[in-house]
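Only one structure is covered here, and it is reproduced in the block below.
The values are calculated or read from the model by the stated rules, or taken from the named source; none is laboratory data. Treat the numbers as computed from the prediction; the structure is a model and nothing was measured. Heads up, the Cβs are rebuilt from the backbone with ideal geometry, glycines too, and the neighbour counts pull from every protein chain shown. Heads up: the accessible areas ignore ligands, DNA and RNA and are worked out on the full protein's heavy atoms, side chains in. Shrake-Rupley method; radii C 1.70, N 1.55, O 1.52, S 1.80 Å.
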Amino acid sequence: MRTLIVLFVLWLTVLAGLFGCSSSTSTPRTLVQSVVADTHLGWRPAPENQLAFSLATASGVAQIELQPLPDQFTLVTLELLGMRNVEGIQWQDEKGESTMLYDGQAGLDGVSLQSRDHGFHLQLQLSSMDYLRNGGVLTVIDRRH
């Protein structure tokens, strides 16, 4: 049953990847990439000043690398497909310094995590964009038990 759910989530991610989002300066596919083979990305439509995508993982730990974002980007939205209990969201910048954006109960200013039917909806905006602006690695940890 678990395998069927994971396959369904991955299928949704691939389906979502068929849709694109637009940006006049960079294509979203050049701004975000998976760090581990287990993290699967899908692209979502978004206005030019936003980056939207979905991610899914079978292991419970998703990692993506964000390249430096254009200055006009004001919002990053992630659909965390299949995640049940997000216990942490961490940002590691290009210098190796880490920041907990969400600790399982609360997020920094500009970090919004909302439960959805098949996972979570994460929005990063306002001062949280200051962390993302120069690029780095975003890690989302989902407790599977």
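Exactly one of these conditions fails for ALA37: (1) at pLDDT 90 or above; (2) open to solvent by 40 Å² or more (accessible area, probe 1.4 Å). Give me its number.
(1)
Which number in (1) loosely packed, with under 13 Cβ neighbours inside 10 Å; (2) within 19 Å of THR57 (Cα to Cα) marks the one condition that VAL137 misses?
(1)
Tally time: how many residues in region 93-117 are closer than 18 Å to VAL61 by Cβ and either open to solvent by 60 Å² or more (accessible area, probe 1.4 Å) or touching a Leu at 6+ places or on another chain (Cβ under 9 Å) (or both)?
Summing the residues that are closer than 18 Å to VAL61 by Cβ and either open to solvent by 60 Å² or more (accessible area, probe 1.4 Å) or touching a Leu at 6+ places or on another chain (Cβ under 9 Å) (or both) in region 93-117 gives 7.
Can you give me the number of residues within region 46-66 that are open to solvent by 60 Å² or more (accessible area, probe 1.4 Å) and either touching a strand residue (DSSP E or B) at 6+ places or on another chain (Cβ under 7 Å) or at pLDDT 95 or above (or both)?
Adding up the residues that qualify gives 2.
Among the numbered criteria (1) open to solvent by 20 Å² or more (accessible area, probe 1.4 Å); (2) within 18 Å of VAL35 (Cα to Cα); (3) in contact with a helix residue (DSSP H, G or I) (Cβ under 9 Å, 6 or more places away or on another chain), which one does GLN90 miss?
(3)
If you check LEU81, LEU69, which single one turns out to be within 15 Å of VAL137 (Cα to Cα) and in contact with a helix residue (DSSP H, G or I) (Cβ under 9 Å, 6 or more places away or on another chain)?
LEU69
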